[in-house]
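The values are calculated or read from the model by the stated rules, or taken from the named source; none is laboratory data. Predicted model only: the values in this text are computed from it and were never measured. Here the Cβ is made from the backbone with ideal geometry for all residues, glycine too, and neighbour counts use every protein chain on show. Ligands, DNA and RNA are stripped out before the accessible areas are found, and what is left, the full protein with its side chains, is counted by its heavy atoms. Shrake-Rupley method; radii C 1.70, N 1.55, O 1.52, S 1.80 Å.
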Amino acid sequence: MSEVKLAASVRTEFGKGAARAIRRDAKVPAVVYGHGSEPIHVTLPAHDLGLALRTPNVLLSLDIDGTNELAIPKAVQRDAIKGFLIHVDLLLVKRGEKVTVEVPVQAEGELAAGGNLLEHVLSTLSVEAEATHLPEAFSVSVEGLEAGASVLAKDVALPNGVTLVTDADAVVLQVLAAQAEEPAAEAEGEAEGAEA
């Protein structure tokens, strides 16, 4: 996983008014915390941060007034309608340190013929991995699975150094049989019979 370098500026003004002013300047208010240190309130460039956050569990290399820190996103708040970043919480990490993160699960392949439906019971898996080697996503093959088949968390292939935290027997994906609809002509005939 590559690091994304961002320049962070320490902020001293707080509250809604200050946060709005920061966002007007195309920046995002953020808090960096972890390792028992005092939280650091910073501003980050909105465009660069938005691009970085497209990668799940991205590793950020922050230049905070000349000090270099590694962090991962812990909580991201977005505007519910327009989707722009409102606030970000970042967790400090160190090289070699293990962290627990949520990693998206992606299904690949075609189900068996018959109009079956794939249900994503869990969209992410909780795993423990080294902070500088976090997986972006897990791919799971559903090729040829029949109705009633399911994929458990323990069935998902994990890279070396990644440990499953989610319950191993938790269902991640399951294949459901398509519901057959009543033919329209029969339904109309039954409705007419009920009226008579």
inquiry  = Of all residues being open to solvent by 50 Å² or more (accessible area, probe 1.4 Å) and small (Gly, Ala, Ser) in region 116-146, which is farthest from Ala177 (Cα to Cα)? Just the residue, please.
reply    = Ser139
request  = Working only within region 20-37, note down all residues that are surrounded by fewer than 20 Cβ atoms within 10 Å (Cβ to Cβ) and either under 20 Å from the mean Cα position of the chain (by Cα) or modelled with pLDDT of 85 or more (or both).
outcome  = Val31, Tyr33
request  = Answer with yes or no whether Val4 is at negative phi, buried (at least 16 other Cβ atoms within 10 Å of the Cβ) and either of a type outside the set (A, V, I, L, M, F, W, C) or at pLDDT 85 or above (or both).
outcome  = no
query = Are any residues in region 23-69 free of Cβ contacts under 8 Å to residues at least 60 places away in the same chain, touching a helix residue (DSSP H, G or I) at 6+ places or on another chain (Cβ under 9 Å), over 20 Å from Thr132 (Cα atoms) and outside any strand (DSSP E or B), and if so, which ones?
reply = Asp25, Ala26, Ala46
ask   = Any chance region 75-83 includes a residue that's within 23 Å of His133 (Cα to Cα), surrounded by fewer than 19 Cβ atoms within 10 Å (Cβ to Cβ) and in contact with an Asp or Glu (Cβ under 7 Å, 6 or more places away or on another chain)?
value = yes
